[in-house]
Amino acid sequence: MNMQQPSPKLALLFLFWLLFLAGCGQLESIPTQPPQTPTDWLTSQPYAVFAVGGQTILLMQPTSTFFVYALGLVAIGIGLHAWRRWHGQRARHWWGVALVLWGVGALFAGTSYEGLSYHLKCAGWDVCRWTTGWEVIYLLLSAASINAMMLAQAFAGANGRLRRGMLAYGWGNMGLYATAVLIGVWAPVQFFISFEFLILAAAPSIVGFILLNGWRYWQFRQRLDAVLLGAWLSLGAVIGLYFLYYLMGVTPRLWAQGIWFSENDVLHLGLIAWMVYIGRVVLPQVQDLPDSPNWRT
């Protein structure tokens with residue numbers, strides 16, 4: 001397998017995984033914990049009612065849905081721009097792939113976690129479901145995005161054995177994660193299809209990025225490594241703010257006052273700013289290291 005370019009067979013296989021997992025019936029066996037009825041779901045969060053084509057649509061967490069869809073569209077737009085404009089550079093190409101995957105995943109997440117969550121998880125059930133195939137696809141796309149960033153980092157910041165190792169890790173991590181998700185869907189094992197497991201699977205890559213660009217900047221004082229180091233540290237800060245906001249329990253207090261702002265909004269607004277930083281600051285600096293062993297010079 002050529003690790004330097006995406007394989008059409010792998011892409012088709014990945015698409016098969018997404019379609020396969022989206023329709024998995026085993027997910028319906030996992031109820032919310034603690035159990036929530038459809039009425040509980042509606043009373044626990046803000047929503048708006050729309051009539052579309054004679055059908056009543058309940059749009060859950062409208063402002064959060066707007067923010068996550070905005071994140072998805074911004075990421076896709078920047079990713080397509082990078083992919084189309086800089087296709088000759090492998091690092092920029094893989095950054096484009098990563099951002100498009102991230103953006104599409106955000107659209108799936110916003111639909112199931114927020115916008116249409118009532119219809120996808122609760123309508124027609126006595127007890128609401130914990131997750132859906134839409135969310136499984138989001139997890140897979142997010143993992144694929146981080147691993148595409150690993151491939152981009154391999155071409156922009158490494159060479160020789162280190163590059164080959166990073167390429168192998170990116171493809172291998174995706175395969176192992178997808179296998180764990182498949183087990184989680186069919187066993188089912190709830191932890192394997194959780195956001196927490198996604199963070200656990202992605203964390204070594206993010207830590208590795210910080211170490212790589214931090215070391216390279218200390219050694220060579222190149223602007224690319226400085227802006228990439230800033231990207232990884234700011235991404236960690238955004239995720240940290242999300243968990244801090246969640247643990248402080250701010251969302252229920254604001255919702256009780258009619259203010260529709262949640263920890264997810266903190267995350268998505270932070271990620272929109274992060275995507276703009278990637279598009280305007282990072283991508284113009286990214287370029288492939290030469291294949292020569294003398295890449296340090």
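The numbers here are math on the coordinates, done by the rules we state, and not lab data. Here the structure is a predicted model, which is why all the values come from computation and not from measurement. In this analysis, Cβ positions are derived from the backbone assuming ideal geometry, glycine residues included, and neighbour counts consider all displayed protein chains.
Could you list Leu200, Leu283 in order of exposure, starting from the residue whose Cβ has the fewest other Cβ atoms within 10 Å?
Listed from fewest to most nearby Cβ atoms, that is Leu200, Leu283.
If neighbour count is taken as other Cβ atoms inside 10 Å, put Ser262, Ser29 in order from fewest to most.
Ser29, Ser262
Return one number: the angle in degrees, 0 to 90 and rounded to the nearest 10, between the long axis of the Cα atoms of helix 195-220 and the longest principal axis of the Cα atoms of the chain.
For 195-220 against the chain, the angle is about 30 degrees.
Determine, for Thr37, Thr131, Thr43, Thr251, the number of other Cβ atoms within 10 Å of each Cβ, and report the residues in order from fewest to most. Don't skip to the answer; put the middle values down first.
Numbers: Thr37 14, Thr131 24, Thr43 10, Thr251 20.
Ordered from fewest to most neighbouring Cβ atoms within 10 Å, Thr37, Thr131, Thr43, Thr251 come out as Thr43, Thr37, Thr251, Thr131.
On a 0 to 90° scale, report how tilted helix 263-277 is relative to the longest principal axis of the chain, with both axes built from alpha carbons and the result rounded to the nearest 10.
30
So what's the angle, to the nearest 10 degrees on a 0 to 90 scale, between helix 90-109 and the longest Cα principal axis of the chain?
10
Subtract the Cα-Cα distance of His81 and Met248 from 0.36 nm times their separation in residues, and report this length gain in nm to one decimal.
56.3 nm
Taking trypsin sites (Lys or Arg not before Pro) as candidate sites, keep only those in a DSSP loop with at most 12 other Cβ atoms within 10 Å, then name the longest stretch of the chain containing none of them.
1-220
Please build a GNM for the chain, connecting alpha carbons under 10 Å apart, and tell me which residue among Asp225, Asp265, Asp126 fluctuates the most.
Asp126
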